[in-house]
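See structure below.
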Amino acid sequence: MLLANLLGGPKHGYALKKQVGLLSGQSEMHNNLVYPLLRRFVKSGWVSQRKGPGERGQTREIYALTKKGRQELLRRLSHFTGKEAALENAFHLRVGLFMVLDTEARSRILAARDEWLAAREQRLARISGALDTGPWGREVVHFLRDRIRSERQWIFRLKRKLASQGS
């Protein structure tokens, strides 16, 4: 998320910390996570670092995505295994960044998530058929299956949109 947040241009560390925190559903990311990652990214050549003026006259570290960093980000986003397909946030992040991915990577990501959801729906069906989950357990299983069906419909719409852009 840090690398992806730099796609829009250079940012200072505090802005990155706030924006990535917001996107991840937290108020902000902790300094002990953000700054060590940024140092690692700078050391790897994925991010450049320079000093710049802050809003109140202080000096801020400004970070920018390098060409090598953009290539690494694209490699990481394109890599989408069954393990990533099970992670809702990993899927949403990639869909949100489809503009930087090629059509083939988009198709693979959608197919992998759809396949994972289909398998999950089958497991839930087996659970509801094999176990007496009681009225509240049935509510949970019903809710989860509805969510899966809704997401699979969304994926179907995304696939259609992708196909229409390719024609």
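The values are calculated or read from the model by the stated rules, or taken from the named source; none is laboratory data. Computed from a predicted structure; not experimentally measured. Here the Cβ is made from the backbone with ideal geometry for all residues, glycine too, and neighbour counts use every protein chain on show.
For the range 19-29, the criterion of a residue being modelled with pLDDT of 90 or more and exposed (fewer than 13 other Cβ atoms within 10 Å of the Cβ) is satisfied by no position. Check the range 114-124 and report whether any residue there is of a type in the set (Gly, Ala, Ser) and surrounded by 15 or more Cβ atoms within 10 Å (Cβ to Cβ). No, the conditions are met nowhere in the range 114-124.
Taken together, Gln122, Gln165, Gln153 contain a single residue that is in contact (Cβ under 8 Å) with a residue 60 or more places away in the chain and more than 30 Å from Phe41 (Cβ to Cβ), which is Gln165.
Every residue, every condition in (1) modelled with pLDDT under 95; (2) surrounded by fewer than 16 Cβ atoms within 10 Å (Cβ to Cβ); (3) of a type in the set (Val, Ile, Thr), yes or no:
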| site | (1), (2), (3) |
| --- | --- |
| Gly52 | yes, yes, no |
| Gln71 | no, yes, no |
| Lys83 | yes, yes, no |
| Glu88 | yes, yes, no |
| Ile127 | yes, yes, yes |
| Glu139 | yes, yes, no |
